[in-house]
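Here's a structure for you.
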Amino acid sequence: MTVSTPIDAAAVLWSATGADQAGRPLLIIMHGYGSHEGDLFSLAPHLPLAPVISALRAPLPVGDGWAWFPISEPGSPDPAAVTAAVSAVLAWLDALPEHHPAVGLLGFSQGGAMALELMRAAPDRFRFAVNLSGFVANGPQSSDAALAKQPLPVFWGRGTADTVIPPSAIGRTQAWLPAHSSLTERIYEGLPHSISQAELGDVVNFLRAQYGESAPVPNA
């Protein structure tokens, strides 16, 4: 049995604290394998202002960074390890002192996989998911049927030059997402395992749509 390692609440980076969080939606962002909570948090100034942003540190130390689950076979993690990571994030969310009217998910690579698996584990708790260069894990989940009936919005972005995520995981995700989400898919020519300016722009537009924000008017 895989034991869930808790999320370190003291390591979470917040875009707002205290009274500035009251009544606002929450956007949880999750980094990739071997990275840290400050990685994707650097995107915060470019993202919509409506949500409070929380950047989580994955619970498992690996090298100089952190991981959500071990890599045994790339793109096909141990289901028990994925479940443990998902349980850790849900427990952290349960313990928050502030109630947020809506919670969204955004992750890169392993963090993107986490965004999808959290959505699968508790679709009633999340508004949408953004999966950047990630994948859906192996095996069915109990809420897959509910997602098929009431799909949540998902943005999936990936590059044609990404050699980190194996074709088998991409194929699995291509098969699963259209049937279980309201999918916005973007493929970026020549992009490796990273996030481009074009992709960031598409993500911002997707997020604005989720929060009901209009695009800014260009300067004349």
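The values are calculated or read from the model by the stated rules, or taken from the named source; none is laboratory data. Since this is a predicted model, take the numbers as computed values, not measurements. All Cβ positions, even for glycine, are placed from backbone atoms using ideal geometry, and neighbour counts span all protein chains on display. In case anyone asks, the SASA skips ligands and DNA or RNA and just uses the protein heavy atoms, side chains included. Shrake-Rupley method; radii C 1.70, N 1.55, O 1.52, S 1.80 Å.
Would you work out the charge dipole size for region 47-191 about its Cα centre, treating the Cβ of every Lys and Arg as +1 and the Cβ of every Asp and Glu as -1, and quote it to the nearest 20 debye?
260
Taking R0 as 25 Å, what's the FRET efficiency between A209 and A179 from their Cβ-Cβ distance, rounded to 0.05?
0.70
May I ask which residue of L116, S181, P77 lies farthest towards the positive end of the charge dipole of the chain, with charges of +1 (Lys, Arg) and -1 (Asp, Glu) on Cβ and the Cα centre as origin?
The residue sitting most towards the positive pole is S181.
Could I ask something else about it? Taking the inverse of the average 1/r across all pairs of different Cα atoms in the chain, what Kirkwood radius in Å do you get?
17.4
Ok, one more. Over the heavy atoms of T184, what accessible area does a 1.4 Å probe trace out, to the nearest 10 Å²?
Counting only protein heavy atoms, T184 exposes about 40 Å² to solvent.
Continuing with this model, one more query. With +1 assigned to the C-beta of every Lys and Arg and -1 to the C-beta of every Asp and Glu, and no other charges, what is the dipole magnitude of region 111-195 about the Cα centre in debye, to the nearest 20?
Here the size comes out at about 160 debye.
Tell me what the chain gives for mean residue ellipticity at 222 nm when only DSSP H runs of n ≥ 4 count, each as -39,500 (n - 2.57), the sum divided by the residue total, rounded to 500 deg cm²/dmol.
-9500 deg cm²/dmol
Considering all alpha-carbon pairs of region 45-154, what whole percent are spaced by more than 22 angstrom?
Within region 45-154, distances greater than 22 Å cover 30 percent of Cα pairs.
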